[in-house]
Amino acid sequence: MRRILVTGSSGQIGSELVLALREKYDNDNVIASDIRPPQFKIQKRSGPFIVMDVLDKDSIPKIFDEYEIDTIFHLAAILSAKGENIPQTAWEVNIHGLFNILEFGRKHDIERIIWPSSIAAFGPTSPRENTPNDTILQPNTIYGISKVSGELLVSYYFKKYGLDARSMRLPGIISSEVLPGGGTTDYAVEMFYEAIKKKFYTCFLKGDTVLPMMYMPDCIRCMIDLLEAEPSKLKRHVYNVTAMSFSPGELAVEIKKHIPDFKIEYKPDFRQEIADSWPKTIDDSLAREEWGWNPSYDIVSMTKDMVFKLRKKL
Ligand code: AKB
């Protein structure tokens, strides 16, 4: 049975990942950690939570001594839009945080580390349609630059120290439980909340801005499947993954099928430039071939489930 540490456990992905991991590996074997308290009461009650700052490299070994962890999901990060407002802090958290975790992993023989990269690793010079796994990576956001550097670091730690760190380039993640924060793809989740609460949404991207997306249940499965993939099957450390691609206009049409009087307006801000530098569609065939990645949700089934869950919640 694995003993897993999750950093950034109070964020959008961490909040749901911790619960899924506890179901699979038992409550006491999954240690949630963040600088913020858990947003889910059920997460707090179901297993250990510790306050930990990934920049405080002395606190990480103490956790090892207490919990004897062998696996880490390192999720603590500052996302693309917030990163542009505080680039120095974004670099510090995203790169020094990852570096501290990799160093800790190397020194304590951690068996496996999962660290999400992002479609933000691509930039304006990458192909925008069906973007391949191995292509030009010249992002122009600090978040993207930290993701490319992180991908290189992860591969370096494997080559130099044999540390088994694995990564997937996540697209925008849509979820109904905990709000995302500071991302460019956050508009999609916001649109659902506003459609249900006010039947009106002002979108910060243009209506025809197509971006790759994934629904949370697929994201959780993606992370756990990559964790458990046989090392002999993997020919690389970083994989493209995607589930669907759509624009705000297309999502609004889909939401209107459930909320007919929903209305949307578009007021693009600085996040438009970030979105314009990212791929529209992603080629994730290597993840499918090497470790069986296969998402379940498309825009139709995801929208239906989101509207159902948010109507219940709100
Ligand atoms: C963001 O929008 O910054 C993130 C991402 C695509 O990595 N959701």
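Starting from region 23-98, pick out the GluC sites (Glu not before Pro) whose DSSP state is loop and whose Cβ has at most 11 other Cβ atoms within 10 Å. Can you show the working numbers first?
On the way: sites: Glu23, Glu66, Glu68, Glu84, Glu92; in loops: Glu68.
Here the GluC sites (Glu not before Pro) that fit, given the DSSP loop and packing criteria, are Glu68.
Restrict the search to region 205-282; then list the trypsin sites (Lys or Arg not before Pro) that DSSP places in a loop and that have at most 16 other Cβ atoms within 10 Å of their Cβ.
Lys206, Lys235, Arg236, Lys257
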Tell me which lysines have Cα within less than 18 Å of Lys107's Cα, excluding those fewer than 8 residues away on the same chain?
Lys57, Lys62, Lys159, Lys160
The whole-number value in µm²/s of the Stokes-Einstein translational diffusion coefficient for region 130-282, with Rh from the Kirkwood sum over alpha carbon pairs at 37 °C and 0.692 mPa s, is 192
Once you keep just the Cα pairs under 8 angstrom separated by 6 or more residues, what percentage relative contact order results for the chain?
18
Computed magnitude of the charge dipole of region 1-90 (debye, nearest 20; Cβ of K, R +1, Cβ of D, E -1)
300
Computed D for region 162-205, Stokes-Einstein, Kirkwood radius over alpha-carbon pairs, 10 °C, 1.306 mPa s, to the nearest µm² per second, is 129
Over 12 Å [Cα-Cα, region 82-125], rounded percent
70
Region 243-314 versus region 1-21: alpha-carbon centroid distance in Å:
23
Name the long-range amide H neighbours of Ser118: under 5 Å, sequence gap of 5 or more, or other chain; modelled H, no Pro or chain starts.
Leu170
Let me know the Rg and Dmax you get for the chain when you use only its Cα atoms, in Å.
18.8, 58
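Express the relative contact order of region 147-191 as a whole percentage, based on alpha carbon pairs under 8 Å and six or more residues apart in sequence.
Relative contact order comes out at 25 percent.
Can you pull out the trypsin sites (Lys or Arg not before Pro) in region 1-60 that DSSP calls coil and that have at most 16 other Cβ atoms within 10 Å?
Arg2, Lys57
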Radius of gyration and Dmax over the Cα atoms of region 82-187, both given in Å
14.6, 41
So if we plug the beta-carbon distance of Lys159 and Phe270 into 1/(1 + (r/R0)^6) with R0 = 45 Å, what FRET efficiency do we get, rounded to 0.05?
0.75
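Using a/c under 1.5 as the rounded threshold, could you call region 1-116 rounded, prolate or oblate? The axes a ≥ b ≥ c are square roots of the C-alpha gyration tensor eigenvalues, and prolate needs a/b larger than b/c, oblate otherwise. Could you put the intermediate results ahead of the total?
Details: a/c = 1.92, a/b = 1.24, b/c = 1.54.
Note, shape of region 1-116 comes out oblate.
With N denoting the number of residues in region 200-239, provide Rg(C-alpha) divided by 2.2 N^0.38 Å, to two decimal places.
Values: Rg = 16.3 Å, N = 40, 2.2 N^0.38 = 8.9 Å.
Ratio of Cα Rg to 2.2 N^0.38 Å: 1.82.
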Between helix 299-313 and the chain: long-axis angle, C-alpha atoms, 0 to 90°, nearest 10
80
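Let me make sure I get this right: for region 211-314, a, b and c are the square roots of the gyration tensor eigenvalues over alpha carbons, sorted descending. Under 1.5 in a/c it's rounded, otherwise prolate if a/b > b/c, else oblate. Which is it?
Here region 211-314 falls in the oblate category.
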Of Ser176, Leu102, Met214, which is farthest towards the positive pole of the chain's charge dipole, taken about the Cα centre with +1 and -1 on the beta-carbons of Lys, Arg and Asp, Glu respectively?
Ser176
Expressed as cubic angstrom per residue, what is the convex hull volume of the alpha carbon set of region 3-50?
55
In whole percent, what relative contact order does region 179-279 give with Cα contacts below 8 Å and a gap of six or more residues?
47
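Every read-out reported here was derived from the displayed coordinates using simple, explicitly stated rules and does not represent laboratory data. Everything quoted here is computed from the prediction, not taken from an experiment. Every residue, glycine among them, receives a Cβ derived from its backbone with ideal geometry; neighbour counts consider all protein chains shown.
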